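The values are calculated or read from the model by the stated rules, or taken from the named source; none is laboratory data. The shown structure was predicted, so the numbers you read here are calculated from the model rather than taken from an experiment. Here the Cβ positions follow ideal geometry from the backbone for every residue, glycine too, while neighbour counts run over all protein chains shown.
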Amino acid sequence: MIELSQQTSTNALPALFRHVAALGDYAGYIVADLGRMGVFLFRALIGIFRHPFRFRELVKQLNFIGTGSVAVIFFTALSSGMVLGLQGYYSLNKFGAEGMLGSAVSLTLIMELGPILTALMVTGRAGSAMCAEIGIMRISEQIDALECMAIDPFRFLISPKFLATLISVPLLTAMFDIVGIFGGYLAGVTLMGVNPGAFYSGMERSVTNHDINLGIIKSFVFALLLVWICSGRGYFVQSIRGAGFGAESVSRVTTQAVVFSSIAILIFDYLLTAILL
């Protein structure tokens, strides 16, 4: 019995070492990946200020990221605002405070739902396309061809996407807030009979510059996160563990980019709220 137990413990040691080695290998991969993404972010931001800047590419990306997202942002904002109006009226009516509906709808949209839902919609629509586009260019060696021709791929390809996203997302967030408040007005005033003067006066008394600035800061941070993660995942598609090869790698990395961006947006939403509120 003693010899059997000693043999079992001896056989368990190599398995334990393999698990520890695998854990260390994964930790090393995470550190290396964070380092790659950090350098990627630095080079992309520096590329914005390098000349000659591709203004035509910037306009193209603004049209794709900004103008192309107007429809989905509009309907998302309208439905969200109307739902807030209905639910807010139902809750406030229990306490006889229907006049505070404008305050509740506007603050919720400006400080929270506007920046978050806008960033998530842009991530799903434009961020996934950015990741897939750059990933296909990487596996088809188009980015390598740019480097062989002494063309900086960041100035040529990545930086215009960064700048266009940083411009588009805050503007789309502002549109989301306006349309959402209008949706709350339709649901609360037109459908439920809330006094329109009370709706506007409550909103005017409650919303401050600090609330608006918080929403703007969140929109800029979320824009940076989504374009950084989505374009970075596509750029390093061949270095990502478990991504596979060819078209399969692009599809998996695109899914990973959308998931990581959404999680990062939700985490930073809490952090920014805790710090700046």
Would you tally the residues in segment 65-120 being under 25 Å from Gly197 (Cα atoms) and among the hydroxyl-bearing types (Ser, Thr, Tyr)?
8
The condition of being more than 20 Å from Asp152 (Cβ to Cβ), of a type in the set (Asp, Glu) and either at pLDDT 90 or above or over 25 Å from the mean Cα position of the chain (by Cα) (or both) holds, among Asp33, Asp25, only for Asp25
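Table: residues versus (1) of a type in the set (Lys, Arg); (2) over 15 Å from Thr118 (Cα atoms); (3) in contact with a His (Cβ under 9 Å, 6 or more places away or on another chain).
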residue: Gly197; (1), (2), (3): no, yes, no
residue: Arg205; (1), (2), (3): yes, yes, no
residue: Ala223; (1), (2), (3): no, no, no
residue: Trp228; (1), (2), (3): no, yes, no
residue: Ser261; (1), (2), (3): no, no, no
Exactly one of Ala164, Ala174, Ala187, Ala198 is touching a Lys or Arg at 6+ places or on another chain (Cβ under 9 Å) and small (Gly, Ala, Ser), and that residue is Ala164
Apart from one, (1) modelled with pLDDT of 90 or more; (2) farther than 28 Å from Ser159 by Cα; (3) in contact with a Gly (Cβ under 7 Å, 6 or more places away or on another chain); (4) not small (Gly, Ala, Ser) all hold for Met130; the odd one out is (2)
Which pairs have Cβ atoms under 7 Å, sit 6 or more apart or on different chains, and link a residue in segment 135-153 that is within 19 Å of Cys230 (Cβ to Cβ) to one that is among the acidic types (Asp, Glu) and in a helix (DSSP H, G or I)?
Pro153/Glu147
Okay, helices (runs of 4 or more DSSP H) sitting entirely in segment 129-241 with 1 or more residues that are within 30 Å of Tyr90 (Cα to Cα), I get 159-185, 196-206, 209-235
Please specify each residue of segment 37-51 satisfying the condition of being out of contact with any Ser or Thr (no Cβ under 7 Å at 6 or more places or on another chain) and in a helix (DSSP H, G or I).
Met37, Gly38, Val39, Phe40, Leu41, Phe42, Arg43, Leu45, Ile46
Of those in segment 52-72 that are in a helix (DSSP H, G or I) and over 17 Å from Met130 (Cβ atoms), the residue modelled with the lowest pLDDT is Phe55
How many of the residues in segment 234-277 are charged (D, E, K, R) and modelled with pLDDT of 90 or more?
1
